[in-house]
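Participant: Below: one structure in C-alpha cells.
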Amino acid sequence: RASWRSTTALDGVTIDVRRGEILGVIGESGSGKSTLLKTMCGVLTPSSGTLAMRDGANLGTPLRKRPAHLLQRIQMVMQNPDDSLNPAHTVRRILQAGTSHDDDVSAALLAAVHLDRALLERRPGSLSGGEKQRVAIARALTREPEVLLLDEITSALDVTVQAAVLATLLELHARLGTTMVFVSHDLAVVSSIADRIAVLRHGRLLEVADTD
C-alpha cells in the first residue's frame with residue numbers, strides 16, 4: 001500500500017513519509033504544523049512544491065476536487081473533537097454516516113479504541129474528552145485509511161488520558177500497519193510514539209531524522 005511524499009521548496013528539504021511508519025512533526029505554536037496537515041488532507045492547497053502518493057496520485061488538489069477513492073486513503077483526526085463530532089448525532093450515526101456498516105462493525109471499531117458498544121447510543125456531550133477523541137479516531141478508521149493524520153490530538157487531555165490514547169494508537173499501528181503523521185508541540189509526546197521526527201520553525205522545515 002502506498003504512502004505519500006511531500007517535497008517543499010523551502011531549503012530543498014523533502015519529507016518522505018515511509019509506508020507503515022509513524023512520523024512525528026514537532027514545532028512551536030505558529031510553526032506550520034497544522035497547516036502542513038491541512039495541506040496533506042486537501043483543506044488547504046499548496047502554493048509550491050509537490051505532494052503525492054507514491055503511486056502518483058496528486059495530493060496538491062483541493063479536497064472538493066479529490067476523487068472519492070483518494071479521499072478514503074487519507075483521514076484526519078482534529079485537535080478538538082468538539083469541533084469535529086456533531087453534538088446532535090449519536091456515536092452510531094457518527095460512525096456509520098456514509099457507510100454500509102452495521103452495529104457489529106461499529107462496535108468492533110469502538111472496541112479497537114477501547115470503548116464499549118453501549119456508547120453507540122450516546123451523544124458526544126455525554127462523553128469525556130478522552131472518549132470523544134477515541135470516537136474521532138474510530139471514525140477515521142471506518143474508511144480503512146492508508147494514512148492517518150493526527151493533529152495535536154492529546155494536547156487537551158490530562159496526562160493519564162493522554163498516555164492511554166497514545167498507547168491505543170500504538171496498538172492500532174501494530175495491528176493495522178497504518179502510516180501515521182503525528183503533530184505536536186510536545187517533544188516528549190512525539191518521541192514516545194514516532195519512528196522519525198520532522199522539525200518545523202517559522203513555517204520552514206529544518207530537519208527530518210530518526211527519533212533517537
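The values are calculated or read from the model by the stated rules, or taken from the named source; none is laboratory data. This is a predicted model, so every value here is computed, not measured. Cβ coordinates were reconstructed from backbone atoms using ideal geometry, including for glycine residues, and neighbour counts include every protein chain displayed. In case anyone asks, the SASA skips ligands and DNA or RNA and just uses the protein heavy atoms, side chains included. Shrake-Rupley method; radii C 1.70, N 1.55, O 1.52, S 1.80 Å.
Participant: One residue is enough: does segment 52-63 have a residue meeting the conditions part of a strand (DSSP E or B) and of a type in the set (A, V, I, L, M, F, W, C)?
Facilitator: Within segment 52-63, one or more residues are part of a strand (DSSP E or B) and of a type in the set (A, V, I, L, M, F, W, C).
Participant: Return yes when Leu70 is touching a residue at least 12 places away in the same chain (Cβ under 8 Å) and not in a loop (DSSP other than H, G, I, E, B) and no when it is not.
Facilitator: Values: touching a residue at least 12 places away in the same chain (Cβ under 8 Å): yes; not in a loop (DSSP other than H, G, I, E, B): yes.
Yes, satisfied.
Participant: So is Leu59 more than 24 Å from Val135 (Cα to Cα), modelled with pLDDT under 95 and in contact with a Cys (Cβ under 9 Å, 6 or more places away or on another chain) or not?
Facilitator: Details: more than 24 Å from Val135 (Cα to Cα): yes; modelled with pLDDT under 95: yes; in contact with a Cys (Cβ under 9 Å, 6 or more places away or on another chain): yes.
Criteria met by Leu59.
Participant: Also: When residues of segment 85-102 are filtered for being of a type outside the set (Gly, Ala, Ser) and assigned to a loop (DSSP other than H, G, I, E, B), how many remain? It would help to see each step written out before you state the result.
Facilitator: Here is the first cut: in segment 85-102, the residues of a type outside the set (Gly, Ala, Ser) are 85-87, 89-96, 99, 101-102.
Retained after the next criterion (residues that are assigned to a loop (DSSP other than H, G, I, E, B)): 85-87, 89-90, 99, 101-102.
So the count comes out to 8.
Participant: Select from segment 59-95 the residues that are of a type in the set (Gly, Ala, Ser) and touching a Leu at 6+ places or on another chain (Cβ under 8 Å) and list them in ascending order. Walk me through it before giving the result.
Facilitator: Step one: list which residues in segment 59-95 are of a type in the set (Gly, Ala, Ser), which gives 60, 68, 84, 88.
Across segment 59-95, the qualifying residue is only Gly60.
Participant: Given the conditions (1) within 30 Å of Ala57 (Cα to Cα); (2) surrounded by fewer than 16 Cβ atoms within 10 Å (Cβ to Cβ); (3) of a type outside the set (S, T, N, Q), and given that Glu121 satisfies all but one, which numbered condition is not satisfied?
Facilitator: All conditions are met except number (1).
Participant: Only one residue in Arg143, Arg175, Arg201 is more than 13 Å from Gly24 (Cα to Cα), in contact with a helix residue (DSSP H, G or I) (Cβ under 6 Å, 6 or more places away or on another chain) and open to solvent by 60 Å² or more (accessible area, probe 1.4 Å). Which one?
Facilitator: Among Arg143, Arg175, Arg201, only Arg143 is more than 13 Å from Gly24 (Cα to Cα), in contact with a helix residue (DSSP H, G or I) (Cβ under 6 Å, 6 or more places away or on another chain) and open to solvent by 60 Å² or more (accessible area, probe 1.4 Å).
Participant: I want to confirm something. Restricting to segment 1-54 and keeping residues that are of a type in the set (Lys, Arg) and modelled with pLDDT of 85 or more, which single residue is surrounded by the most Cβ atoms within 10 Å (Cβ to Cβ)?
Facilitator: Once the filter is applied, the top-ranked residue is Lys33.
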